[in-house]
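Read through the structure below, which is laid out as structure tokens, and then see the notes.
The values are calculated or read from the model by the stated rules, or taken from the named source; none is laboratory data. None of the values given here were measured: they were computed from a predicted structure. Every residue, glycine among them, receives a Cβ derived from its backbone with ideal geometry; neighbour counts consider all protein chains shown. The accessibility values were calculated without ligands, DNA or RNA, using every heavy atom of the protein model including side chains. Shrake-Rupley method; radii C 1.70, N 1.55, O 1.52, S 1.80 Å.
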Amino acid sequence: MFGGPNRTVLVAGASGVIGRRLCRLLVDDGWNVVGMTRSEEKAQSLAAMGVQPLVVDVFDAGKLKAAVVEAKPAIVVHMLTDLPPALAPAAMAAARVRNAHIRDIGTRNLIAAAVAAGVQRMVAQSVCFAYAPGPMPYQEDRALNAGSIAGSDGVIARGVIALERQVMGAPLTGVVLRFGKFYGPDTGVEAPPAGGAVHIDAAADAARRAVSRGKAGAYNIAEDDGTASTQKAKFDLDWRPGFRMDQSG
């Protein structure tokens, strides 16, 4: 369990659907939260939550490095995505390509900035639906689908593999959360989808827990529908898929 004196966490992708929930949980837990976003407008909403906004583009490697070094976080949480609101189907093909670019080049830049800042731990968002075909439930030691080279599945798999290799190969404690398919408020999906679902609140809670718990490596974060085993997350992170946030605040 992380217990260092530096209580600063930088959340990259803080203004996203999961990022906003994670920031709220971390602030409530007493962390000093720096929220990274590309948008000045969204920076204002982060500040209203008690988050210190940091406006920088992950693809601007020089500015990103300088900003992260100045922020001095002990932990970086990588929740960066480039997906359309509510995962609008008509926009998803182009979004998958942009998202893979963030998972590859954006991750590279963020890790370089984190290492330069002396960050001790990184938690990064991945997916639990990129495993190579085989018996279910998928365990974390199952190989990812590197052989999927065509179509949208190939785009997703290549981006995921690039992200995970970089995070778990970096000179820090790299924790990869393989999220199921999101549903819940702000996702555009009300009911749990088939094939490994996770409520957006429960996903944010897993990231909150991984900030201070768990060894380096990958963790499946999904509901128990037989797709992916979540025993590792339940044991190491003390995570449960039924977590829901208090909507009164």
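Would you mind telling me the share, in percent, of accessible area of the chain contributed by carbon and sulfur at probe 1.4 angstrom? Intermediate results must be reported in sequence, preceding the final value.
Working: 5960 of 10960 Å².
For the chain, the apolar C and S fraction of the accessible surface comes to 54 percent.
Rounded to the nearest 500, what is the chain's calculated 222 nm mean residue ellipticity when only DSSP H runs of at least 4 contribute -39500 (n - 2.57) each, over all residues?
Numbers: 8 runs with 88 residues, N = 249.
Theoretical 222 nm ellipticity from helices: -10500 deg cm²/dmol.
Quick one: pull the percentage of alpha-carbon pairs in the chain with a separation above 24 Å. Show your work: numbers first, answer last.
Values: 12779 of 30876 pairs.
Summing the P(r) tail past 24 Å for the chain gives 41 percent.
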Label His101 and Asp141 with points 7 Å out from Cα along Cα→Cβ: what is the distance between them in nm? 3.8 nm
Whichever aspartates and glutamates have a C-alpha closer than 18 Å to that of Lys234, once near sequence neighbours (fewer than 8 apart) are set aside: Glu140, Asp141, Asp201, Asp205, Glu223, Asp224, Asp225
P(r) of region 1-75 over all Cα-Cα pairs, binned every 5 Å from zero, in whole percent: 3, 18, 29, 24, 17, 7, 2, 0
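Take every DSSP beta bridge with both residues inside the chain and express the antiparallel ones as a percent of the total, to the nearest 5. Walk me through the numbers on the way to the answer.
Working: 2 of 35 bridges.
Percent antiparallel among DSSP bridges in the chain is about 5.
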If you fit an axis through the alpha-carbon atoms of helix 151-169 and take the longest principal axis of the Cα set of the chain, what angle between them do you get, 0 to 90°, nearest 10? 50 degrees
Enter the per residue convex hull volume of region 186-249, computed from alpha-carbon coordinates, in Å³ rounded to the nearest integer. 99 Å³
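Students often get this wrong, so check it: of Lys72/Lys215; Lys42/Lys181; Lys72/Lys232, which have C-alpha atoms separated by over 29 Å? Each step should come with its number before you reach the end.
On the way: Lys72/Lys215 22 Å; Lys42/Lys181 25 Å; Lys72/Lys232 31 Å.
Going by Cα-Cα distance, Lys72/Lys232 fall outside the 29 Å limit.
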For Lys63 and Asn6, what does the FRET efficiency come to when R0 = 25 Å and r is the distance between their Cβ atoms, rounded to the nearest 0.05? 0.65
Please list the non-local residues whose amide H lies under 5 Å from the amide H of Val189, H modeled 1.01 Å from N, same-chain partners needing a gap of 5 or more. Gly184
Taking 0.36 nm per residue of separation and subtracting the Cα-Cα distance, what length does fully extending Ala194 through Arg213 add? 4.0 nm
With Cα coordinates, the longest principal axis of the chain makes an angle with the long axis of helix 200-210, in degrees rounded to 10, of 60 degrees
Degrees between helix 17-28 axis and first principal axis of the chain (Cα, 0 to 90, nearest 10): 50 degrees
Label points 7 Å out from Cα along the Cβ direction at Arg165 and Ala48: separation in nm? 4.3 nm
Amide H proximity to Val123 below 5 Å, modelled H, separation 5+ or other chain, gives Val76, Val77, His78, Val175
